[in-house]
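Peer 1: This is the structure, below, for whatever I ask next.
The values are calculated or read from the model by the stated rules, or taken from the named source; none is laboratory data. Being a predicted model, the structure only gives us computed values, none of them experimental. Reconstructed Cβ throughout: ideal geometry from the backbone, glycine too, with neighbour counts over all protein chains shown.
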Amino acid sequence: MIVADSITVFVGSAVRTKPEDPKAHYHLGVALSRSGRVEEAIDAYREALRLNPDHPLARRALDAFRGFDYPFEPGPPPPCP
């Protein structure tokens, strides 16, 4: 998890630098998801969609979490199309 946590810190700094960039929030969601921080990942995907309601990857990632009971084991995000 050390690598995933390092990536989360790196991507989190990108969000702080560009808080209006939906791609930054999406990538933060991916990093958080891989770190097992599901609730925070969902928040990041929702923010990406708030900034760009047509962001297909954020929509797909968020839809993938619907119906799951939390907590569950961390794993990879949904595949990119």
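Peer 1: Just checking, how many residues over the stretch 34-46 are crowded, with 19+ Cβ neighbours inside 10 Å and modelled with pLDDT of 90 or more?
Peer 2: Looking only at that region, the number is 3.
Peer 1: What pairs come up if the first residue lies in the stretch 24-53 and is touching a residue at least 40 places away in the same chain (Cβ under 8 Å), the second is surrounded by fewer than 18 Cβ atoms within 10 Å (Cβ to Cβ) and among the hydroxyl-bearing types (Ser, Thr, Tyr), and their beta carbons are under 7 Å apart, counting only those six or more places apart or on different chains?
Peer 2: none
Peer 1: Looking only at residues in the stretch 32-55 that are assigned to a helix (DSSP H, G or I) and hydroxyl-bearing (Ser, Thr, Tyr), which one is farthest from residue 20 (Cα to Cα)? Lay out the reasoning, then the answer.
Peer 2: Taking the stretch 32-55 as the starting set, the residues that turn out to be assigned to a helix (DSSP H, G or I) are 32-34, 38-51.
Next, only the ones that are hydroxyl-bearing (Ser, Thr, Tyr) stay: 33, 45.
Details: 33: 21, 45: 13 Å.
Here the residue is 33.
Peer 1: In addition: Would you call residue 21 modelled with pLDDT of 90 or more and surrounded by 11 or more Cβ atoms within 10 Å (Cβ to Cβ)?
Peer 2: Working: modelled with pLDDT of 90 or more: yes; surrounded by 11 or more Cβ atoms within 10 Å (Cβ to Cβ): yes.
Spelling it out, residue 21 is indeed modelled with pLDDT of 90 or more and surrounded by 11 or more Cβ atoms within 10 Å (Cβ to Cβ).
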